[in-house]
Amino acid sequence: MLYLEAMKDRKDKLGREIDINSIDRNRLKLNASDLPGLVAYATNASSALINPEDEGKIKSKALRAMHQQTAKQMDQLLEQMQPLIEQAAKLKKRVEVSELIYGAHISFEPMIGEIYHLYQKENEEHLLSIIAPNEWGESMPYKSWIATVELLADHTWQIID
């Protein structure tokens, strides 16, 4: 009890009297720890400085890292897709030319493994010929040359030029 009497006369650092009755002793017990390394604050003057982390900053860094990583993975996927896109474009062109050939006028029976040339006439019809564009000289009788093709064994046409 003498301790409490002595404390009543004491003043805090700012010169105010300390009211012992207003101190919550149970709360002070909870703040004390036998294992100071488990509390979220420094327990003595030589303790390491503990600063609370800024949650927004942590989330911002994590979000930035996530976006960076997913962008890198997306670039890798696009790079891997590029050859497939090119193959699909070639296949589409091959189908278009094959459709033109099978709709064209052919005055001979095409032979497997031979090279042929597809032309467009002035009337917009198409014609398959064995004569190459450079063999006509300056007097090519057709509106335009479309493609040079080879007939494959499965009767599909491979675009050569």
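Here are the numbers for the structure shown:
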{"item": "Members of region 125-140 found to be modelled with pLDDT of 90 or more and assigned to a loop (DSSP other than H, G, I, E, B), listed by number", "result": "125, 130, 131, 132"}
{"item": "Test: residue 42 is modelled with pLDDT of 90 or more and among the aliphatic types (A, V, I, L, M)", "result": "no"}
{"item": "Residue that is touching a His at 6+ places or on another chain (Cβ under 8 Å) and at pLDDT 70 or above, where the choices are 103, 113", "result": "103"}
{"item": "Region 151-160 - residue that is within 40 Å of the chain's Cα centre (by Cα) and farther than 11 Å from residue 94 by Cα and, of those, modelled with the highest pLDDT", "result": "152"}
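The values are calculated or read from the model by the stated rules, or taken from the named source; none is laboratory data. Predicted model only: the values in this text are computed from it and were never measured. Positions of Cβ are generated from backbone atoms using ideal geometry, with glycine treated the same way; all protein chains shown enter the neighbour counts.
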